[in-house]
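Report on the following structure.
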Amino acid sequence: MATLGTGALTLVDWAKRLDPDGKAAAVAELLSQSNEILTDMLWLEGNLPTGHRTTVRTGLPAVAWRLLNGGVTPSKSTTAQIDEQAGMLEAWSEVDKDLALLNGNVSSFRMSEAEAFIEAMNQEMAQTLFYGNAGLAAEEFTGLAPRYSAISGATNAQNVITGSGSGSDNSSIYLVGWGQNSIHGIFPKGSKAGLIHEDFGEQTVSVGTGIGGAKMRAFQERFQWKAGIALKDWRYVVRIPNIDISNLVAKSSAADLIELMIKAIHRIPQLQRCKPTFYMNRSCFQMLDIQRRDDVISGGGLVFDNVDGKQQASFRGIPVRLCDQLLETEAAVS
C-alpha cells in the first residue's frame, strides 16, 4: 500500500545488510516468530549517541488574499525539537562448561540456552514498545501507552478512541502507521540495529553461590539491544483502550471491535504515506474473528491474505498482527 524510503528498514533488512555471514539474520528470524510488531517496525539510526533529535512542525505560516497594489505581511512556520531517548536492554549467560559437556553436543546445548535469552529479550522489548515509561524508569524508553494516555484534555486525545470498558481488565488495540516521517524505531548513533549477540567462549567466572570467591569455567555470552521510538507525527498512531476483556469474551456489553477499528482508520491522515498495521492480543484477535463471523452478512472486512505462504489476517487491507505482550489488565483510560 505504502511507498517508503529506502532508509527505513525492518530488523531483517538491517540484519541482511550489516552481517553478510547471515548470523544476525538468523537472530532476526527468531525474533519475528514471537511478537509480530518487531516484523513490521521500521528502524533508523539516531543522530545522537543516546537516541534521536527530531524537528516537528508546530505551526503553519499565515496566508492572506491580497488586492492589486496591496501587500501581504511576511510570515513563517514554527517548529520544535524533541529528543527521543533510547534504552539499553542487556543480559548475560554463563553456562557451566562441564554441564554443557554432559549434553554431548555443546553447540546444540548452548543454542538452546541462547534461544531462551532471545525470547526473554524479545518479550521485554515488545512490552516496552507499548508500556515503557522513562519518566518512571529512567533506564527505559517511553512506549505508546504513556504517549496516548487520555481520551480528553490532551493534544492527541482525538487519536484515543475508547472501547467504553471500565475496571482493571481492559486491553488496547493499536493502529500504527510506520514511516520515516511518522513513527519508527531508533538505535543510537554509531551502534547496530537489533539484538547483538557476543560469544566470549570459555571463561573463568565467579560463582555467586556456595563458597565465597569460588570460580568455575563457563561458556559466557552477552545479549544487548539498544532501541527506542521516534514519534514524529502523533496523528499516525491510534490507540483503542478500555476494551473490557471479560465483557468481550462473554459477548455481553462487548466493545464493537469492527466499528472501533473503522474509526481508527479514519484518524490516520494519509494511509498511503505510511505502513499501517493493527496490533492486538490473543483475546482481541479471537473475538475480532468471532465478531466478523457474526457480522458476515453485512461484511466485517476481515479476510485472510496469503503472505509469503502464511495466512495473514487483514482488516480493510491493513495487516492485523498478534502481540501477546499487550496486557489484559490495563486500568481504564479517562
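The values are calculated or read from the model by the stated rules, or taken from the named source; none is laboratory data. No experiment lies behind these values; they were computed from the predicted model shown. Positions of Cβ are generated from backbone atoms using ideal geometry, with glycine treated the same way; all protein chains shown enter the neighbour counts. Surface accessibility is based on the protein's heavy atoms, side chains included, excluding ligands, DNA and RNA. Shrake-Rupley method; radii C 1.70, N 1.55, O 1.52, S 1.80 Å.
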Send over a whole-number figure in Å² for the accessible area per residue of segment 24-176, probe 1.4 Å. 55 Å²
Measure of compaction for segment 225-334 (Cα Rg per 2.2 N^0.38 Å): 1.13
If you build the Cα gyration tensor of segment 166-242 and take the root of 5 times each eigenvalue, what three semi-axes come out, in whole angstrom, biggest first? 42, 22, 8
Please report, for the Cα atoms of segment 117-226, the Rg to one decimal and the Dmax as a whole number; what are they, in angstrom? 20.4, 60
Protein accessible area in segment 24-168, 1.4 Å probe - carbon and sulfur %: 52 percent
Local charge sum around Val160 (other residues, Cβ-Cβ under 13 Å, Lys/Arg +1, Asp/Glu -1)? +4
Pull up the cross-link candidates among the lysines for Lys251, meaning alpha carbon to alpha carbon under 30 Å and not fewer than 8 places away within one chain. Lys263, Lys310
Excluding same-chain residues fewer than 8 positions from Lys215, which aspartates and glutamates have a Cα within less than 14 Å of its Cα? Glu94, Asp96, Asp98, Glu202
Calculate I(q)/I(0) for segment 75-175 by the Debye formula, one identical point scatterer on each C-alpha and no solvent, and give its log10 at q = 0.11, 0.14, 0.17, 0.22 Å⁻¹ to two decimals. -0.59, -0.78, -0.94, -1.20
Excluding ligands and nucleic acids, what accessible area in Å² is computed for Phe285 using a 1.4 Å probe, to the nearest 10? 60 Å²
Candidate aspartates and glutamates - alpha carbon under 19 Å from Lys275, same-chain residues fewer than 8 apart omitted: Asp13, Glu36, Asp40, Glu45, Asp233, Asp305, Asp308
Any idea which of Asn247, Ser191, Met216 is furthest toward the positive side of the dipole for segment 126-285, if Lys and Arg beta-carbons carry +1 and Asp and Glu beta-carbons -1? Ser191
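Give the relative contact order (percent, whole number) for segment 163-279; include only Cα pairs under 8 Å separated by 6+ residues.
Relative contact order comes out at 43 percent.
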